[in-house]
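One structure is given here, and the rest of the page talks about it.
Read-outs: derived from the displayed coordinates by stated rules, not from any lab. As the structure is a computational prediction, the values presented were derived from the model and not from experiment. Reconstructed Cβ throughout: ideal geometry from the backbone, glycine too, with neighbour counts over all protein chains shown.
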Amino acid sequence: MEKLFFSTEDTRVIHLSEVDNRLKKLINKIGTIDIPLSQNYYSSLVKQIIGQQLSLKAALTITKRVENVWPNFDPLLIDTIDENELRSAGVSGAKVKYIKDLTQKHISRCLWHYKNVRFGI
């Protein structure tokens with residue numbers, strides 16, 4: 001899936017509007033949804049870990065700081081980055097551990113769903 005797309009003319013959206021008045025108000029207010037989705041699942045997961053339990057503004061700020069330290073979230077560079085640099089960018093110690101664990105599993109390709117996913121490495 002390259003994008004998340006829901007039109008107000010979609011039969012599923014029309015059905016939701018008919019059965020739920022609250023959704024109908026939201027659907028009418030928001031309109032058609034057309035959001036491009038990242039195909040880099042690894043980078044998306046790293047960003048989700050960084051932003052977990054944070055406001056959107058804080059998550060974006062910290063993500064930008066991390067990108068300055070760790071270009072393009074390149075998994076092959078994670079071992080060259082000092083943990084304190086990530087911590088100084090605003091990432092908690094626990095999240096650094098989660099990111100490093102995810103990276104190790106990504107590089108070793110041991111996550112089960114990666115069998116059908118193209119790698120960015």
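Between Gln52 and Phe5, take the C-beta separation as r, use R0 = 25 Å, and let me know the FRET efficiency to the nearest 0.05. Calculated value: 0.40. Charged side chains reduced to their Cβ positions (Lys and Arg at +1, Asp and Glu at -1) give the chain a dipole of some 260 debye around its Cα centre. Since only Tyr98, Leu26, Ser108 are under comparison, the one whose Cα sits farthest along the positive direction of the charge dipole of the chain, derived from C-beta charges on Lys, Arg, Asp and Glu, is Leu26. Compared with the dominant Cα axis of the chain, that is its longest principal axis, helix 56-69 is turned about 30°. The residue among Val13, Ser88, Tyr41 whose Cα reaches farthest toward the positive pole of the charge dipole of the chain, with charges on the beta-carbon of Lys, Arg, Asp and Glu, is Val13. Pairwise Cα distances in the chain exceed 26 Å in 40 percent of cases. Per DSSP helix of 4 or more residues, -39500 (n - 2.57); summed, then divided by the residues of the chain. What does that give at 222 nm, rounded to the nearest 500? Here the helix-only value at 222 nm equals -16500 deg cm²/dmol. Just to confirm a number: summing +1 for Lys and Arg and -1 for Asp and Glu over residues other than Lys3 whose beta-carbon lies under 15 angstrom from that of Lys3, what do you get? Value of the local net charge: -3. Relative contact order of the chain, taken over Cα pairs closer than 8 Å and 6 or more residues apart, is 21 percent. The calculated FRET efficiency for the pair Asp74 and Ile33, based on their C-beta separation and a Förster distance of 30 Å, comes to about 0.45. Among the listed pairs Lys24/Lys57; Lys57/Lys100; Lys3/Lys100; Lys47/Lys95; Lys64/Lys105, those with a Cα-Cα distance over 18 Å are Lys24/Lys57; Lys57/Lys100; Lys3/Lys100; Lys64/Lys105.
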